[in-house]
Amino acid sequence: MKDKGNPLFARAERLLGLDRLTGTFRTFALLHFGFLIFNNLQTVFINTLFFRLTGGADATLQYNLITYVFNPIGTTLAMYYASKKGSTKALRLGFFTFIFLYAFFLCVMDAAVWFMPVIAFLVSWAGGYYWMGYSMKVPLYTTDENRDVSLSVIGMGTGIVNLIMPTITGGIISACEGIMDGGLLGYYIMFALSIGVALVTVFYLKKLPADQIVTARVSLKRGFGKTFRNPLMLETVCAEFLKGIREGTLAFYLNILLFELIQSEALIGVNTLLTGLFSILAYWVLGKRLKPSNRVRYMTGGVTTMLVCTLILFVRMDVATILLFSVINAFFNNFLISPGNGIYYSVLQKTCPTNIESAEFATVKSFFLDYGRVFGVLLVMLMPKTTYGSVWGILLLTVLQYAAIFVSALAAKRLESYVHPTAAQVEG
C-alpha cells in the first residue's frame, strides 16, 4: 500500500518510478514476481541438469530447440482458451501445468533425457498459457504514458529474482552434489520447493480484477490475415523474429559455455547473480530515461556495445572473460529488449482494441519470436564445435540485431501517425 505520509517512501517511489504505476499493475507485478521465483529453476538449471546427465551441450541445445518449436503450439492453445475463459484463468492453468511439470520431473529425473520431448512440450504448454495471460494483462493495466516505466519495474523485479534465486539454488545443488549418485539431490530439493512457491502464488490470482469475457470467437487464421494486411503489425512481428534469433540462444548459451569449463551449479548461480545486478541497473536507467521518442536510439547503442564487447571472447575465452561478457550483455541487451517491448505493446494497444484481437496478435507474435529463436539455435548448432566457433556464432547473432533495429524503427515511425481503421474501412 502506498504510504503518502512517509516522505522517504514517496521519494523512493519517485526514484524507482513506482509512483507512475496503477494499483492494479502493482498487484499484477507482485504475482508475476512470484511466478519468476518458482520458474527460475526451470529456466536456469534445467540446462545444467541435461548437461550433467549427458556430459555435453548437445542435449541442452536440442532441448531448447524442441521447446522453441513447441512454444507457438502452446500459445495457440492458450489463445483459444483465454478467449473463452479469460486471461486470469489462462494464468491459473499455466501455473498448474508448471506444478504438474515439476512433479513429473521429481518422478523421472534420472531418466529426464529420455523424456526430453515430453518435458519440452509441458514447458511450452505451461509457458504458453502463462505468457498469453501476461501479454493480455500488460496493455490492460498500463497506458502509453506509463508503459515504459511499468515494463522497467517488471525488469527490475526480474533482475532481483535473478539475483537471489540462482545463487541460492546453485549453492544448494552444489552443496548436495556428493550425497546422491549423479549429484541430483539438490535438484530434487529445489523442484519440490518450487512446487510449494507455485501453489502459494496461485492463490494470489484472486486479487486481480474479474475478466470481461466477450462472446466473439478467436481465430488464428484471422490473426495472421490481419497481421499480414497491416504493415505496422507485420513490421512489429518481423522485429520480434529478428530479436528472437539472439535472445533465445543467449538466454542459456553463456551459462553452458561456463558449465563446460567448470561443472559447478554454484558458478552458474554467481554468474546469474552478477547478470541480475546489471539487469536491475539497466532497467533503472531505462525507467528514468526511456520514452517513445528515443526507443530506437537506445536499441542501436545497446547492440553496438554488445557487438564490440563480443571481441573480448576472441582475445581470451575463460571463466573471467565469460563472466565479464555476461554482465555486459545483461546490461546492454535490455537496451534492445525493453524498448522493443514498449513498441510491441504500443502497437498491440493501437491495432487490437479488443481482447480477442490482442490474443490473436500475441499468438502470431509467438510464432515469429519462437521460430526466430529456433533459427538462432540452429545457427549455433551449425557452427564448428570449437571455442572460436562459439564466439563466431555469438558475433553473427549480434550483427543480425541491426536488422531488428531497422524494422523496429520502421514500426516506431509508422506508429506515430497510425490511426486504427474503422470496420467500414476494413471491409472496403
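Quick look at the values:
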read-out: Selection from 176, 400, 341, by position along the positive dipole direction of the chain (Cβ); value: 341
read-out: Label-point separation in nm, residue 200 to residue 251, each point 7 Å along Cα→Cβ; value: 2.6
read-out: Positive dipole terminus of region 165-261, leading residue within 224, 194, 239 (C-beta point charges); value: 224
read-out: Among (i) 24.8, 97; (ii) 39.5, 144; (iii) 21.0, 71, the entry derived from the coordinates for Rg and Dmax of the Cα atoms in Å; value: (iii)
read-out: Average accessible area per residue (Å²) across region 81-186 - probe 1.4 Å, nucleic acids and ligands excluded; value: 37
read-out: Per residue value of the accessible surface for region 211-286 (all protein chains in place, 1.4 Å probe), Å²; value: 42
read-out: Point-to-point label distance, residue 304-residue 85, nm (Cα→Cβ direction, 7 Å offset); value: 4.8
read-out: Per-residue [θ]222 nm for the chain (sum of -39500 (n - 2.57) over DSSP H runs n ≥ 4, rounded to 500); value: -28500 deg cm²/dmol
read-out: Surface accessible to a 1.4 Å probe, residue 351 within the full protein complex, Å²; value: 0
read-out: Accessible carbon and sulfur surface of the chain relative to its total accessible area, %, 1.4 Å; value: 67
read-out: Cα-based helix-to-principal-axis angle, 319-351 vs the chain, degrees rounded to 10; value: 20
read-out: Residue among 249, 138, 266 farthest towards the positive dipole end of the chain, charges placed on Cβ; value: 138
read-out: Given charges at beta-carbon only (K, R positive; D, E negative), |dipole| of the chain in Debye; value: 1340
read-out: Bins of 10 Å from zero: percent of alpha-carbon pairs in region 147-242; value: 11, 19, 25, 25, 15, 4
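The values are calculated or read from the model by the stated rules, or taken from the named source; none is laboratory data. Remember, it's a predicted structure, so these values are computed and weren't measured experimentally. Because the Cβ atoms are built from the backbone with ideal geometry, glycine has one as well, and the counts that use them run over all protein chains shown. We work out accessible area using only protein heavy atoms, side chains counted, and drop any ligands, DNA or RNA first. Shrake-Rupley method; radii C 1.70, N 1.55, O 1.52, S 1.80 Å.
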